[in-house]
Amino acid sequence: MSLKKTNFGSKVDTFGEIGEGGGAISVLDLPDLALECIIERLPPASLCSMAGVCSSLRSMCTADHFWEKHMKNKWGRIIGPAAYREWQWHVALGKDSGLSKQGRPKGLMRILSIVRPSWWVKPKADDCCKKTSLPDDSVMAWFLALESGSFWFPAQVYNRENGHVGFMLSCYDAELSYDQRTDTFQARYPPHGRRAVAMENNVPWERLRAPPIDTSPHDLHVSDCLNELRPGDHIEIQWRRNKEFPYGWWYGVVGHLESCDGNENFCRCHQSDTVALEFNQYAPGSRWRHTMINRKEHREEGNEADGFYGGIRKLSSVEEISTWKRLWPSDILE
């Protein structure tokens, strides 16, 4: 086939000829299954480009089932139920962050205008893009809003504020905005007590996760693993400085009681109502090194001097445990 110049009308014109004088074909003459197989293999940038070609391709390339794969592959690890609710709320209120000062283009043009210009081919006479608008609640609209950084979404950040010593081996809730230029994020942390909103730039992907518990950071997580905790188990526990602060999740392990010598053959720690939690990133003798909780009556425990310990999650995922170990500080904390 020899390529010919295409016309961006309501239907794609001839793009090639078969044989020496054979009949010309259009890409839309392909069987539906063949065309869908081509489209589902396109990366997001190419889908955006093809959506700007004609109304028929636009209808196909903006379909949710083509974009759901891209959402899962790129954003699935850090997008949770809270982010989805925020997006639904964003759509319901008709918000359009980043474009409010520049007017509000309609439909597909409004979405494509927040993506890199190189992502799509703009027709010279593009009335086709005005005929059919892209639904604001489509998966494509959500993907492009995330990609452009115009939509701030809730997630959690490990070792917040560039690894500030006071937050080592913790994970806190934040609002995030993606920066395509650096492939990193801007994090906006909510105020703690009288402390103002804290901002952090250039947060890499490996320091982010979707919240493992779908609950407010101000609410106590009801622990459902206390009866099965044994020495050596990896855990996360909620902790906050005082009751005005939200909880963060802190990494630790279950240790042995003082009455146990650590011999596995004679250890009975798992039969005790008291559970020893160790935070070995802190030096021996530090008041943050360990704490004790009651297996049967644990709710929130602590005081204004040492902070308050909340709910516990037992970590069973190798990936979660390896993430915490990768973030282990180079020096023991005092």
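The residues of region 320-332 that are buried (at least 16 other Cβ atoms within 10 Å of the Cβ) and closer than 28 Å to GLU244 by Cβ, listed by number, are TRP324, LEU327.
With the structure loaded, tell me whether CYS225 is more than 21 Å from CYS171 (Cβ to Cβ) and touching a Lys or Arg at 6+ places or on another chain (Cβ under 8 Å) or whether it fails that test. Here the answer is no, as CYS225 does not meet what is asked. Scanning region 298-319 for residues that are without any contact (Cβ under 8 Å) to a residue 24 or more places away in the chain and among the charged types (D, E, K, R) yields GLU301, ASP306, GLU319. Scanning region 309-332 for residues that are of a type outside the set (S, T, N, Q) and over 21 Å from the mean Cα position of the chain (by Cα) yields TYR309, GLY310, GLY311, ILE312, LYS314, TRP328, PRO329, ASP331, ILE332. Residues of region 80-91 include at least one that is of a type outside the set (A, V, I, L, M, F, W, C), open to solvent by less than 50 Å² (accessible area, probe 1.4 Å), in contact with a helix residue (DSSP H, G or I) (Cβ under 9 Å, 6 or more places away or on another chain) and under 30 Å from GLN156 (Cβ atoms). Listed by position, the strands (runs of 3 or more DSSP E) enclosed by region 199-298 that each have at least 3 residues that are hydrophobic (A, V, I, L, M, F, W, C) and surrounded by 14 or more Cβ atoms within 10 Å (Cβ to Cβ) are 234-240, 248-255, 274-278. Screening region 300-319 for residues that are more than 21 Å from HIS192 (Cβ to Cβ) and either in contact with a strand residue (DSSP E or B) (Cβ under 8 Å, 6 or more places away or on another chain) or assigned to a strand (DSSP E or B) (or both) and picking the one that is most open to solvent (accessible area, probe 1.4 Å) gives LYS314.
So that you can scan it fast, the table gives a plain yes or no per residue for (1) out of contact with any Leu (no Cβ under 7 Å at 6 or more places or on another chain); (2) within 30 Å of ARG77 (Cα to Cα); (3) at pLDDT below 95:
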residue	(1), (2), (3)
GLY252	no, yes, no
SER259	yes, no, yes
ARG287	yes, no, yes
ASN294	yes, no, yes
SER316	yes, yes, yes
GLU334	yes, no, yes
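Scanning region 27-43 for residues that are exposed (fewer than 15 other Cβ atoms within 10 Å of the Cβ) and not hydrophobic (A, V, I, L, M, F, W, C) gives ASP29, PRO31, ASP32, GLU40, ARG41, PRO43.
The values are calculated or read from the model by the stated rules, or taken from the named source; none is laboratory data. This structure is a prediction, so every number in the text was calculated from the model and none was measured. All Cβ positions, glycine included, derive from the backbone under ideal geometry; neighbour counts span all protein chains shown. Side chains are part of the model used for accessible areas, which takes the heavy atoms of the whole protein and leaves out ligands, DNA and RNA. Shrake-Rupley method; radii C 1.70, N 1.55, O 1.52, S 1.80 Å.
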